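Read the structure below first, then the notes.
The values are calculated or read from the model by the stated rules, or taken from the named source; none is laboratory data. Note that the structure is a prediction, hence the values are computed from the model and not measured. When we count neighbours, we look across all protein chains shown, and the Cβ atoms used for this are built from the backbone with ideal geometry, even at glycine.
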Amino acid sequence: MTILIIIAIVVIIAVAWVSIYNSLVKTRMQTKESWSQIDVQLKRRNDLIPNLVETVKGYAKHESGTLEEVTKLRQEVERAATPADKMVASNQLTGVLSGFFARAEAYPDLKANTNFTKLQEELTNTENKIAYSRQLFNSTTALYNTKLQQFPSNIVAGIHHFEPSEFLQVPEAEKEVPTVKF
Amino acid sequence: MLYQQIQSNKRRTIVLLFVFFILVALVGAAVGYLLLNSLETGVVAAIVIGAIYTIIMVSNSTNVVMAMNHGHEIKNADQAPELWHTVEDMAMVAQVPMPRVFIIDDDSPNAFATGNNPEHSAVAATTGLLKIMNRSELEGVIAHEMSHVRNYDIRISTIALALAAAITLLTNIGGNWWFWGSGDRRRNDDRNGGGGLQILLLVFSILMMVLAPLAAAAIQMAISRNREYLADAGSAELTRNPQGLISALRKLGNAQPMKDVDSSSAALYISNPLKNKERLFDTHPPIEERIDRLEKM
């Protein structure tokens, strides 16, 4: 009888262990997936930028400084080694681009160019997707990190060396509305 | 919280189906009695027709609902970039698959979501909505619809819509036949004797036919009012920007009613497309109240 009880307890613990382990793997996968979502959007924006630079060149002479900065930041995003560095460069790029689009209102020729309006929608879309995938990343990260700390999953996580995932900070500058000068 | 909401929606769907089938049976009994002098035939026929209708309707709900509301589907981003991209964004943060996207040609701004589950869902927006909303307002509206999708509100409201339409159909058919066929019924009166019971049943039948559509409307309201608040809260959670939805709701509140709207679908829309004044039979909570709750978040 006692042997049966011991076997039952062992089986229950084993089943619980396996299911906790699997759920940890699943949530860790979700954080990785949501990071790759951000990465896809960053690549997409980098692909769009050369088009934008080409289109704007002829119309807005005063923006050559901005275009150079955009090109430089684009390369920084591409080269960044860690997710954190990547996001820092990306946030700067977002700031420069949104400032530029605000000023673009002052160039009627540019606004009439269908290629430009299309690019503007594409880039707005990509910027929004970057913001939302970052939000998604942070919520999956929160879920995963909570599991790492909660009992009893913290025991399983500790033994199998699950590392916490790091949150992405929303930059302060991004929350401000870009100033428009004419 | 979300999980509980989904569970409660699934539970309510079953209760709703049950209540509706009782209603259908009662209407069937009333119609059967008036037309055929047979309660049983009416009940059985109504339940069989009701069941077949419900199965067809539910298995093909998106197409039926969209056809009822004159929505036409867009298949790629080029046809309406802003709408398509916003739906994509909101589906991503809500972690549901990309729904089908429809546009309704109407100058009045409005939107709704439908479908059986998040895997088979659809979102529709009117051309008026796309015209007057800016990006963050549109995001607020679409996020509201996406939280209906995520909460399984779409399943229960689509089934309610199908069933309410069925009851309306049955009572309309019954009403017409009774009006035109009442002569036949009177001739057969002496066959079943018992005058008192006869009158009682007749009164009951007429009452049923009057009350059933009201009951159908009441059930639709019961399922839609509270979940509008919940979907508003869900929208704020998805966009992290209640201000977008607040200003969208203000615009929706000031808008003209829709030109050509299917009245049984009214409860699906984000803001009441009929703009009727009666509070008791309102399918939607008042806009001011919704804005108030959003501002407090």
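Things worth noting here:
- Checklist (1) surrounded by 14 or more Cβ atoms within 10 Å (Cβ to Cβ); (2) free of Cβ contacts under 8 Å to residues at least 12 places away in the same chain applied to A:Leu48, failing item: (2)
- Residue check for A:Ile7: closer than 30 Å to A:Gln149 by Cβ and either at pLDDT below 90 or β-branched (Val, Ile, Thr) (or both): no
- Residue within the range B:53-67 that is within 14 Å of chain A (Cβ to nearest Cβ), without any contact (Cβ under 8 Å) to a residue 40 or more places away in the chain and farther than 21 Å from B:Arg227 by Cβ present: no
- Restricting A:Thr94, A:Thr117 to those that are surrounded by 16 or more Cβ atoms within 10 Å (Cβ to Cβ), touching a helix residue (DSSP H, G or I) at 6+ places or on another chain (Cβ under 8 Å) and closer than 24 Å to B:Asp89 by Cα reduces the list to A:Thr94.
- Scope the range A:122-154; condition farther than 14 Å from B:Glu139 by Cβ and acidic (Asp, Glu); matching residues: A:Glu122
- Only one of the numbered conditions (1) in contact with a Pro (Cβ under 9 Å, 6 or more places away or on another chain); (2) within 14 Å of chain B (Cβ to nearest Cβ) is not met by A:Arg134, and that is (1).
- B:Met209 being modelled with pLDDT under 85, more than 20 Å from the chain's Cα centre (by Cα) and in a helix (DSSP H, G or I): yes
- For the range B:85-130, the candidate set comprises residues that are within 25 Å of B:Tyr3 (Cα to Cα), in a strand (DSSP E or B) and β-branched (Val, Ile, Thr); within that set, the residue that is farthest from the chain's Cα centre (by Cα) is B:Val123.
- Here the range B:79-104 is the region considered, the condition is being among the charged types (D, E, K, R) and at the interface with another protein chain (Cβ under 9 Å from one of its Cβ atoms), and the residue that is farthest from B:Asp153 (Cα to Cα) is B:Glu82.
- Note on the range A:7-39: residues that are of a type in the set (A, V, I, L, M), touching a residue at least 24 places away in the same chain (Cβ under 8 Å) and under 29 Å from B:Val93 (Cα atoms) total 3.
- The range B:262-297, subset more than 18 Å from B:Ile104 (Cβ to Cβ) and of a type in the set (A, V, I, L, M), residue modelled with the lowest pLDDT: B:Leu280
- Among the conditions (1) crowded, with 16+ Cβ neighbours inside 10 Å; (2) hydroxyl-bearing (Ser, Thr, Tyr); (3) over 16 Å from the mean Cα position of the chain (by Cα), B:Ser38 misses just one, which is (1).
- Helices (runs of 4 or more DSSP H) contained entirely in the range A:51-122, each with at least 1 residues that are more than 14 Å from chain B (Cβ to nearest Cβ) and β-branched (Val, Ile, Thr): A:64-79, A:83-104
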